[in-house]
1. Take the stretch 157-169 and flag every residue that is surrounded by 13 or more Cβ atoms within 10 Å (Cβ to Cβ) and assigned to a helix (DSSP H, G or I).
2. For the stretch 204-243: of the residues being modelled with pLDDT under 85 and among the aliphatic types (A, V, I, L, M), which is farthest from residue 137 (Cα to Cα)?
3. Checking the structure you have, find out if any residue of the stretch 336-348 is within 29 Å of residue 105 (Cα to Cα), at pLDDT below 85 and in contact with a Pro (Cβ under 8 Å, 6 or more places away or on another chain).
4. Suppose we filter 285, 258 for residues that are part of a strand (DSSP E or B) and over 30 Å from residue 107 (Cβ atoms); which single one remains?
5. Exactly one of these conditions fails for residue 280: (1) under 28 Å from residue 107 (Cα atoms); (2) surrounded by fewer than 17 Cβ atoms within 10 Å (Cβ to Cβ); (3) in contact (Cβ under 8 Å) with a residue 12 or more places away in the chain. Give me its number.
6. Could you count how many residues in the stretch 93-144 are of a type in the set (Val, Ile, Thr), assigned to a helix (DSSP H, G or I) and either under 17 Å from residue 170 (Cα atoms) or free of Cβ contacts under 8 Å to residues at least 60 places away in the same chain (or both)?
Amino acid sequence: MNRTPDSIKSSLTKEQFQLYRLIYSRFLASQMNPAIYDTMTMDVAGDGVGLRFYGEHKRFAGFTSVYEESTDDAPEAAESTLPQFEEGAPVIIESVSSQQHFTQPPARYTEASLVKTLEEKGIGRPSTYAPTITTIIARGYVMRENKRLFPTELGRTINSMMTEFFGPIVDTEFTADLEDKLDGVEEGRVDWHQVLQDFYPPFEQMLEHAEDVIEKVEIKDEPSDEICDKCGAQMVYRVGRFGKFLACPNFPDCRNTKPILNYIDAKCPQCGGRLLEKTSRKNRKFYGCENYPECDFVSWEMPVNERCEKCGSYMTLKRSRKGETWHLCSNETCRHRVEVKAADVEEEE
């Protein structure tokens, strides 16, 4: 414990330091007392209108002074001061504000929120969370963009087939229940023969049915406007491990393929060429110049057609969790930012 993160920071890379700091803080927090909060819930009623006030005040920080988990998609709530009230006391209306809220779709999963959901549903173990996320990204089922996980077309197709033909197995309750049974086998409370006997016969029937039906499923090719350079046929869209690509319909006689090029409305800061949206081997988006390898410009953040007014470096598009957007200088020593409107962002994209 004497080796604090700051004391060895100079010997670590940025990623190593962050990981060590996380492990150090969580262990230290696990040895500390819990936090203590004073809470208050007050109901106010009058003229047929009911209102509720809730407030909390941290009286003793405890382990939260060292480590405190934060949500991925919501800002931390500001701590409120608890007022003093007596039951039956009158209250005075100082102001009334009217706000309209619309139902928002659930936020995209991040790696952290996905792990949290798996923990809540009793699926997997800490040692399996990282390999699970690595696998679904490596196989192209999801792609990571701005720390969010987005399902790919391949992932949606496989998910729909698994749900249709293996619904009872891909159910979260089944997975959690099987985890408990396997724990029982390990501890000697459950006979593993019975576990297999309960699982395999229904699974065998589902597998046989899927083999008979899935073989008859034909995925129609989606035609494109591109013409094959080798045989002159109209190329079609197909889905591979890394998403959609263009392929010749005369395969295997013609094996010509082309990537789908997604240009963005920004020019290369180095050579002035057009910039492409690309995908890394780990399904992470990045932006590179069309003139590669003559021009080696690459950026993980989306460049825009604007230069920093302070240092002259190119600017990139950034978004906050609250939906705010701005242009940020790419120069690490400058990082000048300019707020932009949503309409301007739509034109850039």
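1. Restricting attention to the stretch 157-169, the residues satisfying the condition of being surrounded by 13 or more Cβ atoms within 10 Å (Cβ to Cβ) are 157-159, 161-162, 165-166, 169.
Correct list: 157, 158, 159, 161, 162, 165, 169.
2. Restricting to residues being modelled with pLDDT under 85 and among the aliphatic types (A, V, I, L, M), the top hit is 213.
3. The answer is no; no qualifying residue exists.
4. After ruling out the rest, the residue left standing is 258.
5. With respect to (1) under 28 Å from residue 107 (Cα atoms); (2) surrounded by fewer than 17 Cβ atoms within 10 Å (Cβ to Cβ); (3) in contact (Cβ under 8 Å) with a residue 12 or more places away in the chain, residue 280 is out only on (3).
6. Qualifying residue count for the region: 8.
The values are calculated or read from the model by the stated rules, or taken from the named source; none is laboratory data. This is a predicted model, so every value here is computed, not measured. Using ideal geometry, Cβ is built from the backbone for each residue, glycine included, and neighbour counts are taken over all protein chains shown.
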